[in-house]
Amino acid sequence: MQFQSTRDSALRVSSSEAIVRGLAPKSGLFVPESFPQADLEGWKSLSYPALAEQVLKSFLTDYSADFLHSATAATYGEAFGGKAGETVKVSDGIYALELWHGPTCAFKDYALQLMPKLLVEAKKNLGRTEITRILVATSGDTGKAALAGYADLDGIEIEVFYPNAGTSEIQHLQMATQKGENVQVYAVEGNFDDAQTGVKRVFADDTVAAELEARHIRLSSANSINWGRLVPQIVYYFYAYFRLAEQGAVAWGSPVDFCVPTGNFGDILAGYYAKQMGLPIGKLICASNKNNVLTDFIKTGTYDARRTFYKTTSPSMDILISSNLERLLLHTSGSAEKVEGWMQELAATGKYTVDADTLAKIQANFAAGYADDAAGAAEIRARFERDGYLCDTHTAVAFHVAEANRSTAPMVVLSTASPFKFPRDVLAALGETAPESDFAAMAALTVKTGAAAPASLRELDKLPVRFNTVIRPGEIRAAALR
């Protein structure tokens, strides 16, 4: 299979090249030129690692079968404690796909435990020997998951940029205490969009590329702008559907709706890919917090980032420029020229409007809604008191939006982070006075609910802080050239 750029219809590269590059020229994103069709009958009884192997094999056609078998088996075993793709009933017709049973307690582990293996193998496939320097902008969870996946890998360096004072205490410490000789972490003054824009500018800067090339270094990305981040996330949509069918919650072949809390649009886009491969998905429901630029776009066709940026209790979704939406625009418009025009308009004016046909195709697959902090807190409390289900602030947004978009189909809510990553806000939502410290709140949350905090989070405050550098967005270029 070949991959094309969202901004250049003539460009075609292999999956290995797409993963090594990360970003296409002119800041385009790589997408598959076609959608392979799933063998639903043949896949429905597979274990999670075996299912991942089959999905990846469909897209990564220049990787060897032996590598994909060993990589998926090694990734989705012990690190997920036997709970990869865990799908549980919350209430009648509503299920949670719990994606936080990995080593960093967030859904990013599904991609970022596997993606380092994909990158190293891609370099072998291409005969590449240079150092790969990975730049990552993160709103919280991606940074730690990427650091954990790439730490101390030969031939790899990784730099993570996150918004200063824009993450939870636990998210900050997960990054600031990361071990590894090849890792570097920076706090960026501003919000996530400032960090993400700064990183994208570095990728588009030919002088940076030339200077690094002279030092035998090439840039790549571990953000969801990299195709290697998206393809592993397709797997859990299939796995959740197969488990519901196995449990008799859905008749085989009948649709299931999925509600996804998302800011950068990558996790929900993976669901769109699963649907294009033949998975019976009804609606993909995009759940936003108060930074509801995606909700407005899906309802109106106008993307307008010229709005107030809000810091919320669901910080991983505090995003106004949703990179992966660009991929959907190519799939629905069929025109790289249109996409490039819209992206240029966004960069120049802060907004763009798609044509009626493109919007109709988007609305045929997607619905949208949002919840502010108060609605999210009410959802945390209601889910716990009514259903005995404890969720984090991001998942609560999705539960709220899911209720407003129910159909006759079962609804699967993607639960994207452990509630213990945001213990102060979860505890406050349950009616308790939250201590100032996340770690005291974690202990109080266990007392309140009887749920145990993951050991990897409980022990964070005992680790030495290695990174405390704060930079301005304009200094990201210099950091990338260090």
(request) May I ask for the distance between the Cα centers of region 258-315 and region 449-482, given as a whole number of Å? (result) 27 Å
(request) Quickly work out the residue 251-to-residue 406 label distance, labels modelled 7 Å from Cα along the C-beta direction, and quote it in nm with one decimal. (result) 2.1 nm
(request) Report relative contact order for region 152-193 in percent, whole number only (criteria: Cα-Cα under 8 Å, sequence separation at least 6). (result) 60 percent
(request) Compute the FRET efficiency between residue 26 and residue 357 as 1/(1 + (r/R0)^6), taking r as their Cβ-Cβ distance and R0 = 30 Å, and round to the nearest 0.05. (result) 0.80
(message) Check which residues have an amide H placed less than 5 Å from residue 133's amide H, if you skip close sequence neighbours.
(response) 157, 218, 219, 220
(request) Could you tell me which of 4, 220, 82 has its Cα farthest along the dipole of the chain towards the positive end, charges placed at Cβ (Lys, Arg +1; Asp, Glu -1), taken about the Cα centre? (result) 4
(request) Please state the charge dipole magnitude for region 1-157, taken about the Cα centre, from unit charges on C-beta atoms (+1 on K and R, -1 on D and E), reported in debye and rounded to the nearest 20. (result) 400 debye
(request) Estimate the FRET efficiency between residue 129 and residue 311 by the formula 1/(1 + (r/R0)^6), using the beta-carbon distance for r and 45 Å for R0, to the nearest 0.05. (result) 0.55
(message) Can you find, among 404, 364, 378, the residue sitting farthest towards the positive end of the charge dipole of region 360-427, where Lys and Arg contribute +1 and Asp and Glu -1 at Cβ?
(response) 364
(request) Using only the Cα atoms, work out Rg/Rh for the chain, with Rh taken as the Kirkwood radius, to two decimals. (result) 0.93
(message) If each residue of separation counts as 0.36 nm, what is the full-extension length gain between residue 347 and residue 66 once their alpha-carbon separation is subtracted?
(response) 96.8 nm
(request) State the antiparallel share, in %, of DSSP beta bridges confined to the chain, rounding to the nearest 5. (result) 30 percent
(request) With a point put 7 Å past each Cα toward its Cβ, work out how far residue 2 is from residue 437 in nm, to one decimal. (result) 5.9 nm
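Compute, for region 85-215, the length of the dipole vector about the Cα centre, with Cβ point charges of +1 (Lys, Arg) and -1 (Asp, Glu) only. Units Debye, rounded to 20.
The calculation lands at about 300 debye.
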(message) For the chain, what does the relative contact order come out to in percent, with C-alpha contacts under 8 Å and a separation of six or more?
(response) 19 percent
(message) Quick check on packing: order 61-69, 177-185 by the mean number of other C-beta atoms within 10 Å, highest mean leading.
(response) 177-185, 61-69
(request) Sum -39500 (n - 2.57) across every DSSP H segment of at least 4 residues in the chain, then divide by the residue count to get the 222 nm mean residue ellipticity, nearest 500. (result) -13000 deg cm²/dmol
(message) Rounded to the nearest 20 debye, what is the charge dipole size of region 357-482 about its Cα centre when +1 sits on each Lys and Arg Cβ and -1 on each Asp and Glu Cβ?
(response) 440 debye
(request) Under 1.5 on a/c is rounded, so check that first for region 327-482, then, if it is not, pick prolate when a/b is larger than b/c and oblate when it is not; a ≥ b ≥ c are the square roots of the alpha carbon gyration tensor eigenvalues. (result) oblate
(request) Over the chain, average the accessible area per residue using a 1.4 Å probe and give it in Å², no decimals. (result) 35 Å²
(request) Please sort 416-427, 346-357 by packing, taking for each peptide the average over its residues of neighbouring beta carbons within 10 angstrom, highest first. (result) 416-427, 346-357
(request) Straight distance only, please: which lysines reach the Cα of residue 26 with their own Cα at less than 24 Å, same-chain residues fewer than 8 apart left out? (result) 123, 200, 338, 351
(message) Using only alpha-carbon positions, what ratio does the radius of gyration of region 402-482 give when scaled by 2.2 N^0.38 Å?
(response) 1.60
(request) Please work out the Cα center distance from region 62-123 to region 135-170, rounded to the nearest Å. (result) 18 Å
(message) Mean Kyte-Doolittle hydropathy of 0.0 or higher plus an axial Cα length of 30 Å or more: which whole DSSP H helices in the chain meet both?
(response) 227-247
(request) Could you tell me whether region 34-166 comes out rounded, prolate or oblate from its Cα gyration tensor? Rule is a ≥ b ≥ c as square roots of the eigenvalues, rounded for a/c under 1.5, then prolate if a/b exceeds b/c, otherwise oblate. (result) oblate
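The values are calculated or read from the model by the stated rules, or taken from the named source; none is laboratory data. Computed from a prediction, not measured in an experiment: that's the story for all the values here. Virtual Cβ from ideal backbone geometry, glycine too; neighbours counted across all protein chains shown. Calculation scope for accessible area: heavy atoms of the full protein, side chains included, ligands and nucleic acids excluded. Shrake-Rupley method; radii C 1.70, N 1.55, O 1.52, S 1.80 Å.
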